[in-house]
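Trainee: Structure in structure tokens, see below.
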Amino acid sequence: MNFQNQGNFTMGSQLFAHKLRMFGQGSTNVFTIGLGLLILWIICRLYQKVFLSSLYYFAIERYVQLKLAIGEHFYDIDQIGIKFYSLRFKKWIHLNAQDFLHEFYTGKHGFKIQ
């Protein structure tokens with residue numbers, strides 16, 4: 001191929017390059033849709049075992065554990081509190097961190113997580 005013909009490709013090579021691009025886009029679409037369906041399936045399976053309210057209280061429990069681990073170096077354990085929205089009482093509640101942990105592990109939400 002000389003210098004003047006470098007920009008001229010045959011029709012076959014253009015079709016082959018187009019098919020490769022379309023295959024790449026199709027593979028990306030299949031992967032994205034498959035990943036989305038997989039995440040949806042995992043959420044549905046998880047929801048059969050654990051309700052969203054239990055996951056909410058579990059996230060708060062992890063925050064309380066972190067707050068206790070860090071706060072015990074600076075404060076007395078009895079002084080560490082937590083303010084959270086109670087789904088049972090439908091209002092914001094302020095509790096001692098250890099009282100929250102006791103309530104979590106003896107209540108229905110902690111039982112479902114364990």
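The values are calculated or read from the model by the stated rules, or taken from the named source; none is laboratory data. Please read these numbers as outputs of a predicted model, since none were measured by experiment. FYI the Cβ positions are ideal-geometry reconstructions off the backbone, even for glycines, and counts take in every protein chain you see.
Trainee: When only residues in the stretch 33-72 that are β-branched (Val, Ile, Thr) and touching a residue at least 24 places away in the same chain (Cβ under 8 Å) count, which is nearest to Lys90 (Cα to Cα)?
Mentor: Ile60
Trainee: Among the candidates Phe23, Phe111, single out the residue that is out of contact with any Asp or Glu (no Cβ under 8 Å at 6 or more places or on another chain), at pLDDT below 90, assigned to a helix (DSSP H, G or I) and aromatic (Phe, Trp, Tyr).
Mentor: Phe111
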